[in-house]
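Reading through the structure tokens given below for one structure.
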Amino acid sequence: MNDSADSAPGRIVLLTTSHRVAPGLLSWPAWQALRAADRVLCADAGHPQLPYLREAGIEVEHGSATARELVGFCQSGRRSAVVLTSAEGESALTDGLARLAGSGRETMPALELLPGSYDLPGARLLDLVQVMDRIRVACPWSGIRTHEDLAKYALEETYELLEAIETGDREALREELGDVLLQVVFHARIAQDDPDEPFSVDDVAGTIVDKLIHRHPHVFGEESAETPEEVREHWMRTKAEEKGRGSVTDGVPIGQPALALAAKLASRVRSQGLDVTVPAGDGIGYELLALAVRAEASGTDPETALRAAARTYRDAIRAAEGF
């Protein structure tokens with residue numbers, strides 16, 4: 001603390017905590033401030049930190065104090081007070097302290113905003129789960145949705161995400177990623193209500209974490225991979241082991257767009273070194289199949305390439321219309 005703070009008549013600390021971090025996990029400066037305080041206050045009798053403070057032998061007053069009261073307490077004997085803020089904040093207190101400090105008529109105690117805990121990366125995902133829980137219970141529309149009801153939205157949001165990626169619109173990309181994430185969380189929340197085979201978003205996350213670890217033995221195990229090709233080899237081998245697949249075509253969704261389907265099949269053939277002749281026949285379908293296989297072999301995603309060409313075609317149409 002600087003010299004001006006040391007010379008101030010006492011100290012008022014506003015201690016903030018994050019609801020996204022487990023209660024009791026406070027920073028060392030927070031514990032120091034709490035232990036050294038002459039008075040600790042908390043307006044929220046249900047604050048999740050209170051049981052841990054009591055366990056640590058820290059007495060907490062339930063209730064709020066006015067700015068005038070706290071300033072007077074600290075001025076008397078250079079004492080310190082810590083206010084454990086609630087989730088809604090302490091706007092009345094902070095506004096009052098600002099008015100007293102700005103009046104110029106008070107010798108103010110040192111005022112400090114002390115974060116007691118910080119959000120970890122991914123903490124806002126907890127907020128998303130919490131909001132989805134509330135919506136599922138309280139919203140008449142969301143409360144009765146099924147997986148089947150939402151299926152079309154998952155497809156729509158995926159295409160909107162692809163468009164944001166292809167156009168390079170960063171703001172749209174952030175928004176569309178959120179919309180895709182919502183589909184995952186929404187489906188997981190619906191699954192949680194299943195009477196026979198329920199699972200939660202934690203089960204979904206746990207499954208993909210286990211899968212990622214297992215398919216990256218060069219990161220989490222003792223195997224090595226120096227090139228992207230070796231990484232792909234690890235991935236495909238462990239994936240085949242997990243799924244117990246026989247044919248390389250197992251697991252390829254037939255319902256995906258036709259060009260993407262053809263490219264995926266060609267990719268499986270190429271990765272396994274199979275000698276498969278591309279079927280020849282009459283009609284545009286076989287011509288498109290041959291083009292898709294050729295594109296995949298050259299490292300081009302035919303679905304993406306055709307979409308880009310179609311956008312150019314759309315622009316030409318609009319230009320001809322005078323737009």
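Per the helix-only calculation at 222 nm, which mean residue ellipticity applies to the chain, given -39500 (n - 2.57) for every DSSP H run of n ≥ 4 and division by its residues, nearest 500 deg cm²/dmol? About -18000 deg cm²/dmol. Placing ILE165, ILE190 in order of accessible area, with the largest value first and a 1.4 Å probe, yields ILE165, ILE190.
Based on C-alpha pairs under 8 angstrom that are at least 6 apart in sequence, the chain has a relative contact order of 14 percent.
Based on every Cα atom in region 127-283, Rg and the maximum pairwise Cα distance Dmax equal 19.5, 57 Å. For the set TYR153, TYR159, solvent exposure ranked by accessible area (probe 1.4 Å, protein chains only) runs largest to smallest as TYR159, TYR153. Applying D = kT/(6 pi eta Rh) to region 208-292, where Rh is the Kirkwood radius over alpha-carbon pairs, T corresponds to 20 °C and eta to 1.002 mPa s, the Stokes-Einstein value obtained is 144 µm²/s. In region 132-199, the portion of solvent-accessible area held by carbon and sulfur atoms comes to 56 percent [1.4 Å probe, whole percent, DNA, RNA and ligands not counted]. Only protein heavy atoms count here; under a 1.4 Å probe, THR16 has an accessible surface of about 40 Å². Peptides 260-266, 236-242, 113-119 ranked from most to least packed, by the mean per-residue count of other Cβ atoms within 10 Å: 260-266, 113-119, 236-242. Pairwise inverse Cα distances across region 52-187, averaged and inverted, put the Kirkwood hydrodynamic radius at 20.0 Å. Projecting the Cα positions of MET236, ILE144, LEU84 onto the charge dipole of the chain (unit charges on Cβ atoms of Lys, Arg, Asp and Glu, taken about the Cα centre) puts LEU84 furthest along the positive direction. Rolling a 1.4 Å probe across the protein heavy atoms gives the chain an accessible surface of 64 Å² per residue. Using Cα atoms only, what is the angle between the long axis of helix 124-138 and the major principal axis of the chain, expressed in degrees (0 to 90) to the nearest 10? Once rounded, one gets 90 degrees. Students often get this wrong, so try it: which of [x] 20.5, 71; [y] 30.1, 97; [z] 19.0, 61 is Rg and Dmax of the Cα atoms in Å as calculated from the structure shown? The value computed from this structure is option [y]. The tail of the calculated P(r) for region 34-115 beyond 18 Å holds 42 percent of all Cα-Cα pairs.
The angle separating the long axis of helix 302-321 from the principal Cα axis of greatest extent in the chain is about 90 degrees.
Both radii are taken from the alpha-carbon atoms of region 256-320; with Rh as the Kirkwood radius, Rg/Rh is 1.08.
Over all pairs of different C-alpha atoms in region 22-82, the reciprocal of the mean inverse distance, the Kirkwood hydrodynamic radius, equals 12.3 Å.
Our analysis of region 115-215 gives Rg over Rh at 1.01, with the two radii drawn from alpha carbon positions and Rh computed by the Kirkwood formula. What is the local net charge at SER200, summed over the other residues whose Cβ is closer than 11 Å to its Cβ (Lys, Arg +1; Asp, Glu -1)? Residues close to SER200 contribute a combined charge of -4.
Nonpolar atom fraction for region 4-54, defined as the carbon and sulfur part of the 1.4 Å probe accessible area, stands at 55 percent. Ligands, DNA and RNA left out, the 1.4 Å accessible surface of region 212-322 is 57% carbon and sulfur atoms.
When the chain is treated as a GNM with alpha-carbon contacts under 10 Å, the residue of ALA33, ALA225, ALA280 showing the greatest mean-square fluctuation is ALA280.
Against the criterion of solvent-accessible heavy-atom surface with a 1.4 angstrom probe, GLU59, GLU106, GLU223 sort, most first, into GLU59, GLU223, GLU106. Note on GLU233 and LYS211: their simple-model spin labels are 2.4 nm apart, each label 7 Å out from Cα toward Cβ.
Rounded to the nearest 10 degrees, the angle from helix 170-192 to the longest Cα principal axis of the chain is 90 degrees.
The values are calculated or read from the model by the stated rules, or taken from the named source; none is laboratory data. The structure presented is a predicted model; accordingly, all values stated were derived computationally and were not measured. Methodologically, a virtual Cβ is constructed for each residue, glycine included, from the backbone with ideal geometry; neighbour enumeration extends over all protein chains shown. The protein model used for the area step is the full one, side chains on, heavy atoms only, and it has no ligands, DNA or RNA in it. Shrake-Rupley method; radii C 1.70, N 1.55, O 1.52, S 1.80 Å.
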